[in-house]
1. Can you name the number of the only condition in (1) farther than 21 Å from B:Asp81 by Cβ; (2) not assigned by TED's automatic domain parsing to the domain that holds A:Ala32 that A:Ile91 fails?
2. So which residues in the range A:30-53 are in a helix (DSSP H, G or I), among the β-branched types (Val, Ile, Thr), buried (at least 19 other Cβ atoms within 10 Å of the Cβ) and facing chain B (nearest Cβ under 8 Å), if there are any at all?
3. Could you run through the range A:121-132 and say how many residues are more than 7 Å from chain B (Cβ to nearest Cβ) and either within 30 Å of B:Asn89 (Cα to Cα) or among the hydrophobic types (A, V, I, L, M, F, W, C) (or both)?
4. If a residue must be within 11 Å of DNA strand C (Cβ to nearest atom) and touching an Asp or Glu at 6+ places or on another chain (Cβ under 6 Å), how many such residues does the range A:1-49 contain?
5. Looking at (1) within 16 Å of DNA strand D (Cβ to nearest atom); (2) within 7 Å of another protein chain (Cβ to nearest Cβ), can you tell me which one B:Phe57 breaks?
6. (1) assigned to a helix (DSSP H, G or I); (2) surrounded by fewer than 18 Cβ atoms within 10 Å (Cβ to Cβ); (3) under 29 Å from the mean Cα position of the chain (by Cα): which one isn't true of A:Gly27, the others all being true?
7. Taking the range B:14-29, which residues are more than 8 Å from chain A (Cβ to nearest Cβ) and more than 11 Å from DNA strand D (Cβ to nearest atom)?
8. Within the range A:100-120, can one find any residue that is away from DNA strand D (no atom under 16 Å from the Cβ), within 30 Å of B:Ala82 (Cα to Cα), out of contact with any helix residue (DSSP H, G or I) (no Cβ under 6 Å at 6 or more places or on another chain) and at the interface with chain B (Cβ under 9 Å from one of its Cβ atoms)?
Number of protein chains: 2
Amino acid sequence: MGRGKIEIKRIENSSNRQVTYSKRRNGIIKKAKEITVLCDTKVSLVVFGSSGKMHEFCSPSTTLIEMLDNYQRSTGKKLWDAKHENLNNEIDQIKKENDNMQIKLRHLKGQDITSLNHKELMVLEEALENGLVNIRD
Amino acid sequence: MGRGKIEIKRIENSSNRQVTYSKRRNGIIKKAKEITVLCDTKVSLVVFGSSGKMHEFCSPSTTLIEMLDNYQRSTGKKLWDAKHENLNNEIDQIKKENDNMQIKLRHLKGQDITSLNHKELMVLEEALENGLVNIRD
DNA sequence: TTATCTATTTATAACAG
DNA sequence: TCTGTTATAAATAGATA
């Protein structure tokens, strides 16, 4: 698309490389905008130049975070590292504790006790009697 | 770049839109590959078509996760840190529930009841008596 | 460096099978 | 709804300012 054809390999002349980078970066962002509008799609584009400076585009109808959520849903790949997973594990564990307590509470109120055996019922009865004694004191 | 010039607005004819999407998606991915090589840059591109199907490109020298880490560093915007915050909030909330249940359980066992007033004690006594009745049945 | 200018190359809209 | 073709629009390499 220029005065001459170029091979697709690293441009060694650094000022040419910089100029080409700037032009093509604008070009690709323009393309991203266009496909977003023309085809009703969502695009996220992040570019880091070799200098480390960042440029981005994200379709107006969405956010990068939303895109990444969908990305994870689509691919099954995890982006939010181990840390995230640990938190999820913690939540699961606490929820389990929660459920257990819920059950104990119900048992103490005399609910859902058909599944309990004789010994368990006796323990429960004693606990309740102790509780009553303490409260009546 | 075609037989005719088009306006940049949503293509209403859905099969045209689909064809254009497919072509331009390939085009933009090609451009992303080219700028990666030519200019020694890192590019991440994620596209969701209106059907919800995803396509992506990421420069071979990096990964999406690394890109996103750099993104957060560059912009100061939080991507998954925000997610972590949400999870932490959830954990706090469940822990609070947990504590409340813990307290109720202790009360039913007749523990830590000095802080309760007369009415609360009466309610507790009744609950225990009901429980006993149910269990003895 | 950053912008503008064009000869060319490249991408693609419309069309065809 | 795919794949291929082609006339044309758009992008851009190299030059110039």
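1. Just one mismatch for A:Ile91, condition (1).
2. Listed by number, the list holds a single entry, A:Ile35.
3. 2
4. 1
5. (2)
6. All conditions pass for A:Gly27, except number (3).
7. B:Ile29
8. No, the range A:100-120 has no match at all.
The values are calculated or read from the model by the stated rules, or taken from the named source; none is laboratory data. These figures come from a predicted structure and were not determined experimentally. In this analysis, Cβ positions are derived from the backbone assuming ideal geometry, glycine residues included, and neighbour counts consider all displayed protein chains.
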